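All remarks here apply to the structure that follows.
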Amino acid sequence: MSASKQRYTITAALPYTNGPIHIGHLAGVYVPADIYARYLRLTDNDVLFVCGSDEHGVAIPMKAKKEGVSPQEVIDKYHGIIKQSFADFGIAFDNYSRTSAKIHHETASQFFKTLHAKGDFIEEVTEQLYDAEADQFLADRFVTGTCPNCGNEEAYGDQCENCGSSLNATDLINPKSTISGAKPTLKQTKHWFLPLDRYTDFLTEWIVKGHKKDWKANVYGQCKSWIDDGLKPRAVTRDLDWGIPVPVEGGEGKVLYVWFDAPIGYISSTKEWAEREGKDWQPYWKDKDTKLVHFIGKDNIVFHCIIFPSMLKAEGSYILPENVPANEFLNLEGNKLSTSKNWAVWLHEYLEEFPDKQDVLRYALTANAPENKDNDFTWKDFQARNNNELVAIFGNFINRVAVLTHKYYGGKVPTPSTYNEVDEQALAQLKAFPNIIASSIEKYRFREASQELMNLARLGNKYLADEEPWKTIKTDEERTKTVMFVALQIAAGLAVLSEPFLPFTSGTLKNILNVTSSAVDRTISWSDVTSKEVLIPSSHTINKSELLFAKIEDKEIQAQLDKLEATKKANEAENKTAEPQKETITFDDFTKLDMRVGTIIEAEKMPKAKKLLVLKVDTGIDTRTIVSGIAESFKPEDIIGKQVTVLVNLAPRALRGVESEGMILMTENAEGKLVFVNPDEAGVHNGEGIS
C-alpha cells in the first residue's frame, strides 16, 4: 500500500424493479462487489460503493398493467423489497439510490443535453417495430425471433443470449411481439442515436490493446467480438411515456432509453451520497487517480464496456473503468434461473426461512461463484458447505479455542512459553494469509480467496488437533498455555480476514475475542495480522463462546427441494397444451356411446399388477367388474362410494385373467394427477345416461 490512500469508485449493476433479488444476482454481482469493497476499506483505501434501483423501461408499465396498479406502485414495492434485502444480507453500499429520484432525472437529462449540444448524436427518422394490437412501439426486449447469426429461435430484439451477438429488433427473422403474440409491422418514428462506430478506434486502443492482459477472458472476448463485428449507431431515445423525458425540442412523447439512463444512475447515486455526507462527488468520477470498477453479470458486458465508456468519452470529463470483472451465470439445480417461471431462490424468502444464516449463503455462493463459466447452485452443496466447512472447520476451531480459554484460564489469554518449530510455523503461516487472500481478491478471484480463508481455519483446526491441549493440560501446563496463545492469535486473524466474506460471523467473532471497535485499543487491522507479533496480548479477557454456525438438517434442505419441485410442476401445468382434436365423428357415432352414472362399491388391487385396480361398479342397470389402471393414483379404500362416469357398452376384454366390462372416464388436473369425471350436482342417480 502507498502512503496516501487510493480512491476507488465501485459500482454494482442496478437491479431492475420488476421483481425481487435472487441468488443469481447475488453470486454474479453483489456478493463479489461487497467482498471487494469491504476488503478495500479494511486495507485503508478511500472507497465509495454505490448502487440503486433501475426503475425505467417498458417492463415496468407492462407489469403495472398486468397487476392493475400504477408504475409508481410497482417500483415502490420492489425498490423497498430490494433495498431491505440488501441491508439484511449485509451488502455494505455507501449509497443505494433509485433512478426515479429527482437527482437522477436531472443528472441524466443534463448528460443528454451536453452530448446533444456537442453534436454527438445522430437524429434520424427510422422504421421501428410496432404492435398494432397493443397500439405501441415495441422495446427490443418485447420482440423475439430467430437470430440471423446462429439460428436461435428465442433471440431478443437487442441481443441473442445464445451466441452473444448484438442485434436490432429489425434484424430478427420471423419477429413476434411478446405482448400480444402478433407479428409486428414497421412504422416511422424520429429518434436520437449514439454513433458507436465513431468510437471504434478509441475502444480498440483502450480495450483490445490496453486491457488484453488484465481483464477477464470472457469480458475481453465479448468486447473484442463486438468491435471486430463493427459497431453501429444505437438509439438513445424511445417512444414511451414512462421514463426520463427527452429534454430537447422534438422529444415530446419520448423518453431516454433505459440503457442510456441506467448507468448514469451510478453518477447520480454518487451525487446523492456526496450531498448527504457533505463531500465533493467529482473526484470519484473525474480524478484520473481514481480507480473505477464495475461489477456486473455477463449480460451487461456490452453496456458497461462498450456503450457507457463511449458515453463517458463523448462527454469528455469522466474517467473510464479500470476493470469490469463480469461473472457468468448461476443455474439452480441444473436449470437456468428464471424470474418469470419462479425458478429461483429469492433473497427475501431465504432470509425468512434461514434466519441469521446470511453468511452461509454468502459463503456457498462465493465458494461456487460462476467466475469463468456458468455454475450450478444445489441445496445439497449449500448444506455440505455449511456442515462440512463452516460448522466442522471454522466454527469447530473457534468454539474449541473460546471454550478451552474459559475452562483453563477463566477467559484470560495465557502467557506463552518458548515457541517450538510447530508454533513458529503456524504463526508464520498466519502472517502470510493477508497477502495470499489479498492477492486473490485484487485479481477478482473471490472463490479462490474464500478457500484461502477456509485454509486458515483448517490451519487452526489442525494445529489444535495435533497439539491436543486437552491432553497436555494434565501433563504440561506451560506447553498448554503456549498452544492456547497461538490458537488465539489464529482466531484473531480469522476475525479480521473473514470480514469481507462473512461480515456477520466476523462481528460475532470479534465480540467473542473482545476486539470490537468499542474497545479501541484492541481493534486489529488487516495489516496487523502480517506486521504484528501479537494480535491479542496475554491477560486480555475474551468473552464467552457463541455459536457461529449451526448444522443444517436434511429436512430443511428437503423443504427447499420440495418447494422447487412444486414450482416445476406448476410451470409444467401452465405450459401444458391440450391434445389436438381427434378425427371428426358423426352424431350417429356419438349416440352409439352409452355412458352412465355409476358408483364404485368394491375396490381391490390386482395381484402382481402395479397399476391396476379391480372395481365392482353399480351402473344402475347392473353390478359389473371393471379393471382400471388407476392404482398409482388412488388407494382402494379411498374410492369406495365414489360416483363415476362409466362407458357401459364397451366390448368386454380380459386383463390379467379378469374380464373387464366397461371403462371409467378419467382426466388429469393441473398437477398431472388422475381425477374422476363425475357429476357436480348431488342427487344424480346410478344409471342416469350422459348425452
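Just one of the numbered conditions (1) in contact with a helix residue (DSSP H, G or I) (Cβ under 8 Å, 6 or more places away or on another chain); (2) within 25 Å of Gly250 (Cα to Cα); (3) modelled with pLDDT of 95 or more is not true of Lys113; which one?
Tallying (1) in contact with a helix residue (DSSP H, G or I) (Cβ under 8 Å, 6 or more places away or on another chain); (2) within 25 Å of Gly250 (Cα to Cα); (3) modelled with pLDDT of 95 or more, Lys113 fails exactly one: (1).
For region 206-225, which positions are assigned to a loop (DSSP other than H, G, I, E, B) and in contact with a strand residue (DSSP E or B) (Cβ under 9 Å, 6 or more places away or on another chain)?
Residues satisfying the conditions are His211, Asp214, Trp215, Lys216.
Select from region 115-127 the residues that are over 36 Å from the mean Cα position of the chain (by Cα) and surrounded by 13 or more Cβ atoms within 10 Å (Cβ to Cβ) and list them in ascending order.
Listed by number, the residues that qualify are His116, Asp120, Ile122, Thr126.
Across region 314-342, what is the total count of residues that are open to solvent by 20 Å² or more (accessible area, probe 1.4 Å) and not β-branched (Val, Ile, Thr)?
Matching residues across region 314-342 total 18.
So, of the residues in region 135-150 that are at pLDDT below 90 and over 26 Å from the mean Cα position of the chain (by Cα), which turns out to be least open to solvent (accessible area, probe 1.4 Å)?
Leu138
Go through the residues of region 220-227 one by one and say whether even a single one is open to solvent by less than 20 Å² (accessible area, probe 1.4 Å) and within 21 Å of Lys298 (Cβ to Cβ).
Looking for residues that are open to solvent by less than 20 Å² (accessible area, probe 1.4 Å) and within 21 Å of Lys298 (Cβ to Cβ), one finds at least one in region 220-227, hence yes.
Report the residue count in region 186-205 for those that are open to solvent by 70 Å² or more (accessible area, probe 1.4 Å) and part of a strand (DSSP E or B).
3
Residue-wise test of (1) under 23 Å from Tyr318 (Cα atoms); (2) among the hydrophobic types (A, V, I, L, M, F, W, C).
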position	(1), (2)
Ala101	yes, yes
Glu106	yes, no
Phe112	yes, yes
Lys118	yes, no
Cys160	no, yes
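Among the residues of region 655-684 satisfying the criterion of being of a type in the set (D, E, K, R) and within 25 Å of Lys608 (Cα to Cα), which is least open to solvent (accessible area, probe 1.4 Å)?
Looking at the filtered set, the residue picked out is Glu661.
In region 241-274, which residues are free of Cβ contacts under 8 Å to residues at least 40 places away in the same chain and over 20 Å from Val58 (Cβ atoms)?
Within region 241-274, Glu249, Ala274 qualify.
From the list Ile319, Ile264, Ile307, which one is under 24 Å from the mean Cα position of the chain (by Cα) and not in a strand (DSSP E or B)?
Ile264
Output the residue which, of all residues in region 643-654 that are open to solvent by 40 Å² or more (accessible area, probe 1.4 Å) and in contact (Cβ under 8 Å) with a residue 24 or more places away in the chain, is farthest from the chain's Cα centre (by Cα).
The qualifying residue farthest from the chain's Cα centre (by Cα) is Asn649.
Can you spot a residue in region 279-294 that is open to solvent by 50 Å² or more (accessible area, probe 1.4 Å) and within 30 Å of Tyr156 (Cα to Cα)?
No: zero hits.
Please verify whether region 616-629 includes one or more residues that are of a type in the set (Asp, Glu), open to solvent by 50 Å² or more (accessible area, probe 1.4 Å) and touching a Pro at 6+ places or on another chain (Cβ under 9 Å).
no
The values are calculated or read from the model by the stated rules, or taken from the named source; none is laboratory data. Fair warning: this is a prediction, and the values are worked out from it, not measured in the lab. All Cβ positions, glycine included, derive from the backbone under ideal geometry; neighbour counts span all protein chains shown. Accessible surface is based on the protein model in full, side chains and every heavy atom, while ligands, DNA and RNA are left aside. Shrake-Rupley method; radii C 1.70, N 1.55, O 1.52, S 1.80 Å.
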